[in-house]
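K.L.:
First the structure, which I've put down as C-alpha coordinates, then a few questions once you've had a look.
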Amino acid sequence: MAIIITDECINCGACEPECPNTAIYEGGVEWTWGGGTSLTKVEIEEGVFVDGKEKQTPVSDEFYYIVPNKCTECKGFHEEPQCAAVCPVDCCVDDPDYRETDEELLEKKAWLHNE
(Lines give C-alpha, C1' and ligand atoms only; values in the text may rest on other atoms or scores of the structure.)
Protein backbone atom coordinates (compact mmCIF):
# COMPACT_ATOMS: atom_id res chain seq x y z
CA MET A 1 0.00 0.00 0.00
CA ALA A 2 1.04 3.59 -0.31
CA ILE A 3 1.36 6.10 2.47
CA ILE A 4 -1.02 9.05 2.73
CA ILE A 5 -0.56 12.35 4.53
CA THR A 6 -3.65 13.16 6.57
CA ASP A 7 -5.18 16.57 7.07
CA GLU A 8 -3.46 16.78 10.46
CA CYS A 9 -0.33 17.77 8.49
CA ILE A 10 1.27 20.95 9.87
CA ASN A 11 3.16 21.61 6.60
CA CYS A 12 6.57 21.36 8.26
CA GLY A 13 8.10 19.72 5.17
CA ALA A 14 10.18 17.20 7.12
CA CYS A 15 8.90 14.32 4.98
CA GLU A 16 9.61 15.70 1.51
CA PRO A 17 13.43 15.33 1.37
CA GLU A 18 13.24 11.84 2.90
CA CYS A 19 11.33 10.24 0.00
CA PRO A 20 13.63 8.19 -2.28
CA ASN A 21 11.05 8.34 -5.10
CA THR A 22 10.26 12.05 -4.87
CA ALA A 23 6.62 11.11 -4.30
CA ILE A 24 5.99 13.85 -1.72
CA TYR A 25 5.10 17.39 -2.73
CA GLU A 26 4.08 20.58 -0.98
CA GLY A 27 0.38 21.40 -1.22
CA GLY A 28 -0.50 23.13 -4.48
CA VAL A 29 2.76 22.15 -6.19
CA GLU A 30 2.45 20.24 -9.47
CA TRP A 31 4.27 16.91 -9.64
CA THR A 32 5.93 14.89 -12.40
CA TRP A 33 6.46 11.19 -13.01
CA GLY A 34 10.10 11.81 -13.88
CA GLY A 35 11.00 13.82 -10.79
CA GLY A 36 13.28 11.60 -8.69
CA THR A 37 12.79 8.59 -10.96
CA SER A 38 14.09 7.24 -14.27
CA LEU A 39 10.72 7.57 -15.98
CA THR A 40 10.71 9.51 -19.23
CA LYS A 41 7.37 8.32 -20.62
CA VAL A 42 4.49 6.76 -18.67
CA GLU A 43 1.47 4.84 -19.91
CA ILE A 44 -1.30 6.17 -17.65
CA GLU A 45 -3.96 4.01 -19.27
CA GLU A 46 -3.94 1.65 -22.21
CA GLY A 47 -2.49 3.52 -25.18
CA VAL A 48 -2.34 6.88 -23.37
CA PHE A 49 1.16 8.12 -22.59
CA VAL A 50 2.48 11.21 -20.81
CA ASP A 51 5.96 12.67 -20.83
CA GLY A 52 7.80 12.13 -17.54
CA LYS A 53 8.45 15.88 -17.33
CA GLU A 54 4.80 16.85 -17.91
CA LYS A 55 3.39 18.60 -14.86
CA GLN A 56 0.49 16.84 -13.16
CA THR A 57 -2.33 18.30 -11.06
CA PRO A 58 -1.56 18.51 -7.33
CA VAL A 59 -3.26 15.89 -5.16
CA SER A 60 -3.81 18.52 -2.45
CA ASP A 61 -3.80 22.29 -2.44
CA GLU A 62 -3.75 22.59 1.34
CA PHE A 63 -1.01 20.36 2.74
CA TYR A 64 1.84 18.10 1.72
CA TYR A 65 0.74 15.07 -0.27
CA ILE A 66 2.07 11.77 -1.58
CA VAL A 67 1.53 10.59 -5.15
CA PRO A 68 0.37 7.01 -4.49
CA ASN A 69 1.63 5.62 -7.79
CA LYS A 70 5.16 6.78 -6.92
CA CYS A 71 5.10 5.60 -3.29
CA THR A 72 6.85 2.32 -2.52
CA GLU A 73 6.76 2.70 1.27
CA CYS A 74 10.55 2.97 0.90
CA LYS A 75 10.76 -0.78 0.09
CA GLY A 76 14.19 -1.58 -1.28
CA PHE A 77 15.61 1.61 0.24
CA HIS A 78 14.82 1.56 3.97
CA GLU A 79 13.31 -0.70 6.63
CA GLU A 80 10.32 1.63 7.16
CA PRO A 81 8.64 4.53 5.36
CA GLN A 82 10.92 7.48 6.02
CA CYS A 83 8.13 10.05 5.84
CA ALA A 84 6.38 8.36 8.75
CA ALA A 85 9.65 8.05 10.66
CA VAL A 86 10.34 11.80 10.57
CA CYS A 87 6.79 13.17 10.81
CA PRO A 88 6.43 15.09 14.08
CA VAL A 89 2.63 14.72 14.18
CA ASP A 90 2.30 11.13 12.89
CA CYS A 91 0.16 12.09 9.89
CA CYS A 92 1.97 9.82 7.39
CA VAL A 93 -0.10 6.65 7.60
CA ASP A 94 -1.08 3.65 5.48
CA ASP A 95 -3.43 4.57 2.65
CA PRO A 96 -6.36 2.12 2.75
CA ASP A 97 -7.18 2.91 -0.89
CA TYR A 98 -3.82 1.61 -2.16
CA ARG A 99 -3.09 -1.92 -0.94
CA GLU A 100 0.05 -3.51 -2.36
CA THR A 101 2.20 -6.46 -1.33
CA ASP A 102 5.91 -6.13 -0.63
CA GLU A 103 6.54 -7.82 -3.99
CA GLU A 104 4.34 -5.28 -5.81
CA LEU A 105 6.09 -2.40 -4.04
CA LEU A 106 9.51 -3.75 -5.05
CA GLU A 107 8.30 -4.15 -8.65
CA LYS A 108 7.09 -0.52 -8.57
CA LYS A 109 10.51 0.56 -7.26
CA ALA A 110 12.22 -1.28 -10.14
CA TRP A 111 9.81 0.34 -12.64
CA LEU A 112 10.33 3.83 -11.20
CA HIS A 113 14.11 3.52 -11.25
CA ASN A 114 14.62 1.46 -14.42
CA GLU A 115 16.18 -1.47 -12.57
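The values are calculated or read from the model by the stated rules, or taken from the named source; none is laboratory data. This is a predicted model, so every value here is computed, not measured. No Cβ is skipped: glycine too gets one built from the backbone with ideal geometry, and neighbour counts run over all protein chains shown.
For every residue, the table says whether it meets (1) under 24 Å from Q56 (Cα atoms); (2) within 14 Å of the chain's Cα centre (by Cα); (3) not charged (D, E, K, R).
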{"residue": "N69", "(1), (2), (3)": "yes, yes, yes"}
{"residue": "C74", "(1), (2), (3)": "yes, yes, yes"}
{"residue": "E79", "(1), (2), (3)": "no, no, no"}
{"residue": "D90", "(1), (2), (3)": "no, no, no"}
{"residue": "D95", "(1), (2), (3)": "yes, yes, no"}
{"residue": "N114", "(1), (2), (3)": "yes, no, yes"}
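K.L.:
Another one. Consider W111 carefully, then state whether it is in contact with a strand residue (DSSP E or B) (Cβ under 8 Å, 6 or more places away or on another chain) and either more than 27 Å from E8 (Cβ to Cβ) or at pLDDT below 95 (or both).
P.N.:
Taking the combined requirement at face value, the residue does not satisfy it.
K.L.:
Go through the stretch 1-30 and count every residue that is buried (at least 18 other Cβ atoms within 10 Å of the Cβ), outside any loop (DSSP other than H, G, I, E, B) and touching an Asp or Glu at 6+ places or on another chain (Cβ under 9 Å).
P.N.:
Within the stretch 1-30, residues that are buried (at least 18 other Cβ atoms within 10 Å of the Cβ), outside any loop (DSSP other than H, G, I, E, B) and touching an Asp or Glu at 6+ places or on another chain (Cβ under 9 Å) number 4.
K.L.:
Still on this structure, I have one more. Output the residues belonging to the stretch 3-47 that are under 12 Å from V67 (Cα atoms) and acidic (D, E).
P.N.:
E16, E26, E30 - these are the residues of the stretch 3-47 that are under 12 Å from V67 (Cα atoms) and acidic (D, E).
K.L.:
Given the residues V86, V93, V67, which is the only one that is surrounded by 11 or more Cβ atoms within 10 Å (Cβ to Cβ), over 22 Å from G35 (Cα atoms) and in contact (Cβ under 8 Å) with a residue 40 or more places away in the chain?
P.N.:
Result: V93 is the single residue among V86, V93, V67 that is surrounded by 11 or more Cβ atoms within 10 Å (Cβ to Cβ), over 22 Å from G35 (Cα atoms) and in contact (Cβ under 8 Å) with a residue 40 or more places away in the chain.
K.L.:
If you don't mind, there's one more thing I want to ask. Please determine, by comparing only the residues of the stretch 31-64 that are among the hydrophobic types (A, V, I, L, M, F, W, C) and free of Cβ contacts under 8 Å to residues at least 40 places away in the same chain, which one is surrounded by the fewest Cβ atoms within 10 Å (Cβ to Cβ).
P.N.:
V48
K.L.:
Can you tell me which residue within the stretch 70-83, out of those that are at negative phi and among the acidic types (D, E), is surrounded by the most Cβ atoms within 10 Å (Cβ to Cβ)?
P.N.:
E80
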